[in-house]
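Input: a single structure, listed below in C-alpha cells.
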C-alpha cells in the first residue's frame, strides 16, 4: 500500500541532482510505510516549484492524469537507470524511456535569447524535460561513478557522493546515517 502525502513542507532533497531527487520522491519504498510524495498532479507541481523547475505562475497541465502517469513512468525509468549504473548492469529499457520522454518534451521547445535558453511551450514538458535531459547529462558526465544508493534496505534513495574519497554510505547522515549507527551501537551492546 502506498500512502500519498497531503500538502506539506517540501521533501528533503539529498540526491545532489534533480533527476536523483525526482527518483527519491517515494519514501520507505517496498515497506508498509511507503509514501509517494508526488501521488497527484498538484503534488507534482509543488515538487517542481520547490525544485526550481517552474515558477509560481506555471499553469497546471490540462490532462493531469496523463501528466502524472508520464511523470511516474519517468521516475521509474530514472530509478531503474541509476540503480543499474550502481549495480554495474544494463538498463536499456529504462534508458529508452528516458530518451523517449526527453525527445517528446524537446518537440515543444525552442531556443531563444543570448545566451540561448531552452524554453518549453508546455508546463509538463518544462518539468519532465528538465528531469529527463538532466538524467541523460548525468549518465554522460564524469560524476556517474559517484552515484550511490543509500545502504539501509528501507531507504534506498539515490545520491551523488561528493566526498573527496567517495566514502559516503547514506543519503543523509542526519537520518539514515544516525539510524544505522544507532543500530550498530545497539548490536554491540547486546553482544557485550
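Just so you know, all these numbers are worked out from the coordinates, no wet-lab data involved. Being a predicted model, the structure only gives us computed values, none of them experimental. Here Cβ is always computed from backbone atoms with ideal geometry, including for glycine, and neighbour counts include all displayed protein chains.
Using mean Cβ contacts within 10 Å as the protection proxy, how do 154-160, 138-144, 109-115 order, highest first? Can you show the working numbers first?
Details: 154-160: 20.9, 138-144: 13.3, 109-115: 8.7.
Result, highest mean Cβ count within 10 Å first: 154-160, 138-144, 109-115.
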Checklist outcome for this item: Between residue 57 and residue 73, the two model label points (7 Å from Cα along the beta-carbon direction) sit apart by a distance in nm of 3.1 nm
Item to check | Added length on full extension, which subtracts the Cα-Cα distance from 0.36 nm per residue, residue 116 to residue 167 | outcome: 14.6 nm
